[in-house]
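K.L.:
Structure in structure tokens, see below.
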Amino acid sequence: MHLSGTTVMLGLMGTPVEHSKSPAMYNHCFAKYGLDWAYLAFNVTPEQTGAAVQAIRTLHMRGANVTMPCKSAVIPYLDKLSPEAQAIGAVNVIVNDGGVLTGYNTDGMGYTQNLRRNGVEVKGKKIVLLGGGGAASAIAGQAALEGAAEITVFNRKDEFWPRVEQTLQSIAKAAPECSLSLHDLDDGRDLYKTIRRCDILSNATRVGMAPDVERSVITDRSCFRPELVVTDVVYAPPETRLLRDARAAGCKTCDGLGMLLCQGAEAFRLYSGLEMPIEEIRALLYA
Ligand code: NAD
């Protein structure tokens with residue numbers, strides 16, 4: 001990499017960040033396009049968020065990705081929010097345009113873009129969304145803003161329940177045409193009845209993540225049918241038990257790694273206006 005007196009910095013903020021592939025991903029793209037930019041990962045706690053956002057201004061950084069646990073904590077320090085970041089109260093990308101800092105959330109954009117790359121639009125669709133955490137909120141917000149007809153969220157009655165209730169109310173204000181509701185994941189009758197009449201089934205819980213790779217939220221596989229599109233946010237392993245079962249039943253499936261790469265590509269587009277070479281990055285970092 002060529003570093004000079006004019007090199008502009010970007011970075012990742014959050015903690016822990018040591019495992020992140022973002023520096024390798026973005027620096028590869030900067031080199032590919034000959035951008036005089038460099039990307040580093042910074043350990044930032046929620047208490048340090050204000051100072052870290054101030055550093056973007058002071059050091060004239062082009063922007064930053066934001067990860068857990070700082071996605072909500074950065075909001076008070078920004079100048080503007082995009083509609084999806086506003087609706088879900090979480091930011092994962094900050095862009096600095098001449099001193100004006102705008103917060104975006106590309107997780108949901110990555111989800112819908114990954115579907116689009118697989119020939120599926122969310123507009124007009126009925127979605128069953130499993131989970132109510134960070135990934136689920138981002139998906140619900142973006143899908144509602146892109147015109148999904150109905151999003152039925154199923155979550156356990158755990159600590160996420162009151163938060164997702166609030167998030168859905170906020171999304172409903174931003175996208176009043178979309179029908180949004182929250183149901184109990186432990187009510188199997190309701191769950192399978194709703195899946196049988198939906199177009200897209202989306203897992204946004206942690207179930208299926210390594211090392212517990214044989215687990216799936218969907219235990220009654222008779223709900224899978226070839227017209228159903230099944231997606232997962234979990235990307236380790238790349239093909240979860242849920243996706244394997246759905247594929248075996250003839251469903252179209254979209255994996256979490258595709259979503260992860262697409263959210264990175266959306267962030268790169270916001271920083272640079274350029275297209276990330278998604279398949280090149282997949283082969284470089286995730287082969
Ligand atoms: P989170 O902690 O914010 O939310 C976790 C969700 O999982 C909650 O809804 C919780 O109720 C549910 N859950 C946990 N254990 C469960 C169980 N045993 N049964 C049913 N539900 C359960 O987490 P998050 O940040 O939303 O991440 C969720 C998953 O999505 C993780 O695997 C993460 O790596 C992945 N993720 C992927 C992307 C991507 O781009 N592909 C982006 C963000 C997160």
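The values are calculated or read from the model by the stated rules, or taken from the named source; none is laboratory data. The shown structure was predicted, so the numbers you read here are calculated from the model rather than taken from an experiment. Cβ atoms come from the backbone with ideal geometry, glycine included; neighbour counts cover every protein chain shown. These accessible areas exclude ligands, DNA and RNA; they are computed on the full protein's heavy atoms, side chains included. Shrake-Rupley method; radii C 1.70, N 1.55, O 1.52, S 1.80 Å.
K.L.:
At each listed q (0.21 Å⁻¹), what is the log10 of I(q)/I(0) that the Debye formula gives for segment 157-241 modelled as equal alpha-carbon point scatterers?
P.N.:
Treating every Cα as an identical point scatterer, log10 I(q)/I(0) equals -1.23.
K.L.:
How high is the relative contact order of segment 128-287, in percent, with contacts defined as C-alpha pairs under 8 Å that are six or more residues apart?
P.N.:
Relative CO of segment 128-287 lands at 18 percent.
K.L.:
Which peptide among 251-260, 137-146 comes first, and what is the full order, when sorted by highest mean count of other Cβ atoms within 10 Å?
P.N.:
Per-residue Cβ counts within 10 Å, averaged per peptide and sorted highest first, yield 137-146, 251-260.
K.L.:
Here is a follow-up. Based on DSSP, what percent of beta bridges with both residues in the chain are antiparallel, to the nearest 5?
P.N.:
Antiparallel: roughly 20 percent of the beta bridges in the chain.
K.L.:
To continue, here is another question. Over segment 74-146, with every protein chain in place, what whole percent of the accessible area is carbon and sulfur at 1.4 Å, could you tell me?
P.N.:
The C+S portion of the solvent-accessible surface of segment 74-146 is 48 percent.
K.L.:
Before rounding to the nearest 500, sum -39500 (n - 2.57) across all DSSP H runs of length at least 4 in the chain and divide by the residue total; then give [θ] at 222 nm in deg cm²/dmol.
P.N.:
It comes out at -11500 deg cm²/dmol, rounded to the nearest 500.
K.L.:
Can you give me the accessible area per residue for segment 140-240, using a 1.4 Å probe, in Å²?
P.N.:
52 Å²
K.L.:
In a shell of Cβ-Cβ distance under 11 Å around L180, excluding L180 itself, what net charge do Lys and Arg (+1) and Asp and Glu (-1) give?
P.N.:
Combined, the nearby Lys, Arg, Asp and Glu give -2.
K.L.:
When the Karplus curve 6.51 cos²θ - 1.76 cosθ + 1.60 is applied with θ = phi - 60°, which whole-Hz ³J(HN,Hα) does each residue of segment 215-223 get, with x for Gly and Pro?
P.N.:
Each residue's phi maps through the Karplus curve to give 8, 9, 5, 8, 9, 9, 6, 6, 6 Hz.
K.L.:
What's the local net charge at G108, with K and R +1, D and E -1, over the other residues with C-beta under 13 Å away?
P.N.:
-2
K.L.:
Have a look at the chain and give its Rg and Dmax from the Cα atoms, expressed in angstrom.
P.N.:
Radius of gyration, then largest Cα-Cα span, for the chain: 19.0, 63 Å.
K.L.:
Name the trypsin sites (Lys or Arg not before Pro) in segment 116-225 that are in a loop by DSSP and that have at most 15 other C-beta atoms within 10 Å, would you?
P.N.:
Filter output for segment 116-225: K123, R156, K157, R197, R206, R215.
K.L.:
Alpha carbon centre of segment 170-229 versus segment 123-157: separation in Å?
P.N.:
If we compute the Cα centre of each part, the gap is 9 Å.
K.L.:
Using only Cα atoms, tell me the angle between helix 160-174 and the longest principal axis of the chain; keep it within 0 to 90° and round to the nearest 10.
P.N.:
Long axis of 160-174 versus the principal axis of the chain: about 80 degrees.
K.L.:
Pairing the Cα long axis of helix 256-272 with the longest principal axis of the chain, what angle in degrees results, from 0 to 90 and rounded to the nearest 10?
P.N.:
Computed tilt is about 30 degrees.
K.L.:
Per residue of segment 8-15, in order, report the coupling 6.51 cos²θ - 1.76 cosθ + 1.60 (Karplus, θ = phi - 60°) as ³J(HN,Hα) in whole Hz, putting x for Gly and Pro.
P.N.:
9, 9, 10, x, 10, 10, x, 7
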